[in-house]
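Each remark here refers to the structure printed beneath this line.
The values are calculated or read from the model by the stated rules, or taken from the named source; none is laboratory data. Just so it is clear, the structure is predicted and the values come from calculations on it, not from any experiment. Glycine also receives a Cβ, built like all others from the backbone with ideal geometry; neighbour counts cover every protein chain displayed. What goes into the accessible areas is simple: the full protein's heavy atoms, side chains included, and nothing from ligands, DNA or RNA. Shrake-Rupley method; radii C 1.70, N 1.55, O 1.52, S 1.80 Å.
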Amino acid sequence: MAATAVDCSEAVASKEMCFVCFDTLLAHFSGDGLPPPSYANYLCPLFVSWENVSGHGARLRGCIGSLTPRHLHGGLGEYALHSGVRDGRFTPVDVGEVPSLECKVSLLKCYEVVENYLDWEIGVHGLTIEFDDDDARRKRSATYLPDIAKQEGWSKHETIDSLIRKAGFRGELTDRLRGSLRTTRYQSTAAKANYEEYLRVRQK
């Protein structure tokens, strides 16, 4: 299906997008069909994350997305499953856990390449870094969504160093390395919904 717009600057994440992620996850377990999405089929980079919100605090159960723009009608469902049952950092979500889950959808936009790796604002910008790892003879990259640094209580320098480690670099963290980063900042629009909210809407 063609996208409503190639430029996703007008796209806004919504709870309905989270509900579609729940639809997709439950259909994965039941084999049932899916209703057509009601939101516009924008072309956007996107991330879907799942947290278990039972008990004390929230526990991440998966977070996977695409920095390459994806059509929302297929992309959200695809990454709902990737993050829920195929994120290798976590055991897969099972059907009995679904009532304890909260879904978050993030749509990424306003990409800007910056010359200084500190030219961004905590709580406003997400970051993508790329750099050459000469010892490993490979390029490395990693990204953090806009809420990560604030959520973790990190400074800008701590965020950058954590990103370098996330990219798989195990060498010494130096100012020379930091200065060599190819850094892109971006913003996002995000929405959350838990299973209780999902049921209230879907059972009407």
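Which number in (1) under 22 Å from residue 34 (Cα atoms); (2) open to solvent by less than 50 Å² (accessible area, probe 1.4 Å) marks the one condition that residue 94 misses?
(2)
May I ask you to verify whether residue 183 is open to solvent by less than 30 Å² (accessible area, probe 1.4 Å) and within 15 Å of the chain's Cα centre (by Cα)?
Numbers: open to solvent by less than 30 Å² (accessible area, probe 1.4 Å): yes; within 15 Å of the chain's Cα centre (by Cα): no.
Here the answer is no, as residue 183 does not meet what is asked.
Can you name the number of the only condition in (1) surrounded by 12 or more Cβ atoms within 10 Å (Cβ to Cβ); (2) touching a strand residue (DSSP E or B) at 6+ places or on another chain (Cβ under 9 Å) that residue 156 fails?
That leaves (2) as the condition not met.
In region 137-174, which residues are within 23 Å of residue 60 (Cβ to Cβ), part of a helix (DSSP H, G or I) and not basic (Lys, Arg)?
Of everything in region 137-174, those that are within 23 Å of residue 60 (Cβ to Cβ), part of a helix (DSSP H, G or I) and not basic (Lys, Arg) turn out to be 148, 149, 151, 152, 158, 159, 160, 161, 162, 163, 164.
One line per residue, one yes/no per condition, for (1) assigned to a strand (DSSP E or B); (2) open to solvent by less than 40 Å² (accessible area, probe 1.4 Å); (3) in contact (Cβ under 8 Å) with a residue 24 or more places away in the chain:
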site	(1), (2), (3)
77	no, yes, yes
80	no, yes, yes
104	yes, yes, yes
113	yes, no, yes
120	no, yes, yes
124	no, no, yes
127	yes, yes, yes
135	no, no, yes
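Just give me the residues in region 22-70 being open to solvent by less than 70 Å² (accessible area, probe 1.4 Å), among the hydrophobic types (A, V, I, L, M, F, W, C) and outside any strand (DSSP E or B), in sequence order.
22, 25, 26, 27, 40, 53, 58
Quickly run through region 121-148 and pick out the residues that are hydrophobic (A, V, I, L, M, F, W, C) and farther than 9 Å from residue 184 by Cα. Quick ask: steps written out before the conclusion?
Step one: of region 121-148, the residues hydrophobic (A, V, I, L, M, F, W, C) are 122, 124, 127, 129, 131, 136, 142, 145, 148.
Residues satisfying the conditions are 122, 124, 131, 136, 142, 145, 148.
Identify the single condition in (1) hydroxyl-bearing (Ser, Thr, Tyr); (2) under 27 Å from residue 17 (Cβ atoms); (3) loosely packed, with under 13 Cβ neighbours inside 10 Å that residue 195 does not satisfy, given that it satisfies every other one.
Tallying (1) hydroxyl-bearing (Ser, Thr, Tyr); (2) under 27 Å from residue 17 (Cβ atoms); (3) loosely packed, with under 13 Cβ neighbours inside 10 Å, residue 195 fails exactly one: (3).
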